[in-house]
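For reference, the structure is listed below as structure tokens.
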Amino acid sequence: MCGIVGYIGNKQALPILIGGLRRLEYRGYDSAGVAIIKIQDTDSKIQMIESVKAVGKIDMLADKVKDKKLDGTVGIAHTRWATHGGVIEQNAHPHFGCDGKLVIVHNGIIENYRELKEKMKDHKFVSETDTEVLAHLIESHYDGDLKLAVETALSHVRGTYGLVVMHADHPEELIAARLGSPLVIGMGENEHYIASDATPMLAYTKKVMFLEDGEIAEIKKDGVKIYNLKDELITKHIEEIEWNDEQAQKQGYENFMLKEIHDQPTVFEDAIRGRVNLEEGTAHLGGLNMTDDEMRSIERIVLIACGTASYAAMVGKYAFERLAGIPTEVDYASEFRYRDPIITDKTLVFAISQSGETADTLAAVREAKRKGAFVRGIVNVVGSTIARETDGGTYIHAGPELAVASTKAYTNMVAIMILYAIQFGRLKRVTLATGQRLITALLEIPEKMNKVLEQNDKIKDLAQKYKDCKDMMFLGRGINYPVALEGSLKLKEISYIHAEAYPGGEMKHGPIALLSPEFPTFAIMVKDQLYEKMRSNIEEVKARKSPIILLATEGDNCAKELAEDVIYVPDTMELLEPLLNTLPLQLFAYHTAVMLGRDVDRPRNLAKSVTVE
Ligand code: AGP
């Protein structure tokens, strides 16, 4: 997720752009850059574009531009959350075409950028990014009409974009286009703004227009024209933003954790986009850096992670064993290297980490490499240490996760491991039909996630009912046991309520002694192969008069016989259940913590990335 800002008007653009980037820093800050059209001299009417880029936070860029005379009243700027290409200055936006007259900033993922780049062999590229390819593609179609060049170029593109294009020969306009990544136009008096969200413009105007997918905008000082996919001029409603700056960064949500919980359907789509092939019923994760024969030779998989990432890994274990038939174990990274792990050159070790900086996980990576395993990363932060020290892997594309309690990164980690399990499985024992069923079910997940999130208010009511409990038990069986663990961790780490999690069948071997009317149980009893077994376990819980919150499959009429409080989730394939079942537990923990007055984004004692062992 990157941040875009653009300005066209009568004011100096630079301070508006830098200030706007600062308000978008929450969208990512690997690197940043600005480009401004400088009028060389009013007589000759010659314009040129000057650009400055810097790695790191916006302050680095602000320092760099301080001594430069970047005068001009038209400009664009960008703060980067890397998805393609490392965190280096050459990869920072804005990106130019060959002649230095056309420049672009972009948020999104161009899936077919490699194919497009191949077809532009006469072009000289200086970065590793998909965005630069887009700049050259637009330039290759430019013949004096900037908007037409953008429209033509985008007709060849697969992927997502929120982009703004500027051209030295067209100082009177900015062209913007949106497909899958947000863009907002700020309406001023003889000046206009454009940005990834409203925050950069709130200091100047609260009148905005939201671009919809497929729309393209021609933004001039004296007016804005918006066209639809058929290139018809359309009229847009101008809205009044009520948010203040901070609210706008959270896009209207009370805090980052709630925003990130609701980000999950969108970022899940980003995780699987361009990585599944329904026709062949398989997945393809390019960064694995293993041949098919090497993949077939793997005799054991080890998933190393910490905290929430380790519970995602436990879901991955079920997927790899069931689909690929490869023995898979999950190890807390902090334990891995102290137990003398048995590693061979037929062992594949995945390090799973949102931050890519967790010291325990990094140490485990180094130990696994030392012992000769294939070591790959499943990481969110591009260019992070674990991403760089593993010999390949996959970015989960969850976007910046700013709340300390991990939510959207968890579901995207699960998504990537399911894709890997399908990819390995289709090389071995997964049939075309099964692969197609899995891919179809995956493509239905975002809509089903939204259905779960629509129960926010009902879950909030349950939190109100149980918020004063001192303890809570979470139960799940099979692939839902890791979900119970994650739900338990979410509750304890943000509400500070003591919570335990057990496999449903394990309860009777001791933990059931804890249950009482004051010790409620949150149980996952969805319609899968373990439904009847779980139902018996819940009868045992009920007999001890522990109040029960049940997570059940839509249409399960028996659930109400077992529990007064039932949350229903849509049905899906068993391996995909954690992608849906985790969301109610995230919301339950979130609302409980808010009602208890906790700082849900920054809980006590915790850090977003634990870089000490
Ligand atoms: C998640 O809610 C926790 N804050 C914590 O367990 C976290 O998952 C763990 O520290 C691992 O972090 P990583 O994914 O960045 O490696």
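The values are calculated or read from the model by the stated rules, or taken from the named source; none is laboratory data. Small disclaimer: the values here were computed from a predicted structure and weren't measured. As a convention, Cβ positions derive from the backbone with ideal geometry for all residues, glycine included, and neighbour counts pool all protein chains shown. To get the accessible areas, we keep the full protein, side chains included, count just its heavy atoms, and leave off ligands, DNA and RNA. Shrake-Rupley method; radii C 1.70, N 1.55, O 1.52, S 1.80 Å.
For the chain, what is the calculated [θ] at 222 nm in deg cm²/dmol (nearest 500), taking -39500 (n - 2.57) for each run of four or more DSSP H residues and dividing by its residue count?
After summing the helix terms and dividing by the residues of the chain, the value is -10500 deg cm²/dmol.
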Per residue, in Å², the accessible surface of the chain once ligands and nucleic acids are set aside, probe 1.4 Å:
39
The farthest towards the positive end of the charge dipole of the chain, of the residues 396, 524, 33, given +1 on Cβ of Lys and Arg and -1 on Cβ of Asp and Glu, is 524
Using amide H atoms built 1.01 Å from N in the peptide plane, name the residues 5+ places from residue 571, or on other chains, whose amide H lies under 5 Å from its own.
554
Between rounded, prolate and oblate, where does the range 123-257 land on the alpha carbon gyration tensor, with a ≥ b ≥ c its root eigenvalues, rounded for a/c under 1.5, else prolate if a/b exceeds b/c?
prolate
Kindly state, to the nearest 0.05, the FRET efficiency for residue 254 paired with residue 545, given R0 = 30 Å and r defined as their beta-carbon distance.
0.30
With every protein chain kept in the model, how would you rank 256, 210 by accessible area, 1.4 Å probe, largest at the top?
210, 256
In what order, largest first, do 95, 498, 509 sit by accessible area if the probe radius is 1.4 Å?
509, 498, 95
Order 350, 96 by their accessible area, 1.4 angstrom probe, all chains in place, largest first.
96, 350
Calc'd 3J(HN,Hα), the range 178-190, phi into Karplus 6.51 cos²θ - 1.76 cosθ + 1.60 (θ = phi - 60°), Hz, glycine/Pro = x, comes to 9, 8, x, 10, x, 9, 10, 9, x, 9, x, 8, 6
In the chain, if every C-alpha pair distance is counted and binned at 10 Å from zero, what percent goes to each bin?
3, 16, 25, 24, 18, 10, 3, 1, 0
Residue-level accessible surface for residue 51, protein heavy atoms, 1.4 Å, Å²:
40
Point-charge dipole on Cβ atoms (K/R +1, D/E -1) for the chain, about Cα centre, debye to 20
1200
In sequence order, calculated HN-Hα J values of the range 224-232 (Karplus, 6.51, -1.76, 1.60; Hz; x Gly/Pro):
10, 10, 10, 10, 8, 4, 8, 6, 8
Fraction of accessible area attributable to carbon and sulfur, the range 319-439 (%, probe 1.4 Å):
49
The simple spin-label model distance between residue 467 and residue 124, using points 7 Å out along Cα→Cβ, in nm, is 6.3
What base-10 log of the normalised intensity I(q)/I(0) is obtained for the range 368-492 from the Debye formula, alpha carbons as equal point scatterers, at q = 0.09, 0.11, 0.16, 0.18 Å⁻¹?
-0.39, -0.57, -1.10, -1.26
Log10 I(q)/I(0) at q = 0.26, 0.28, 0.29, 0.34 Å⁻¹ for the range 131-171, from Debye over equal alpha-carbon scatterers, is -0.93, -1.07, -1.14, -1.45
Calculate the spin-label point distance for residue 152 paired with residue 329, positioning each point 7 Å from the Cα along the beta-carbon direction, and give it in nanometres.
6.1
Once you charge only the Cβ atoms, +1 for Lys and Arg and -1 for Asp and Glu, what is the size of the charge dipole of the range 224-319 about its Cα centre, to the nearest 20 debye?
240
I'd like the accessible area for residue 155, computed on protein heavy atoms only with a 1.4 Å probe and all protein chains in place. Round to 10 Å², please.
90
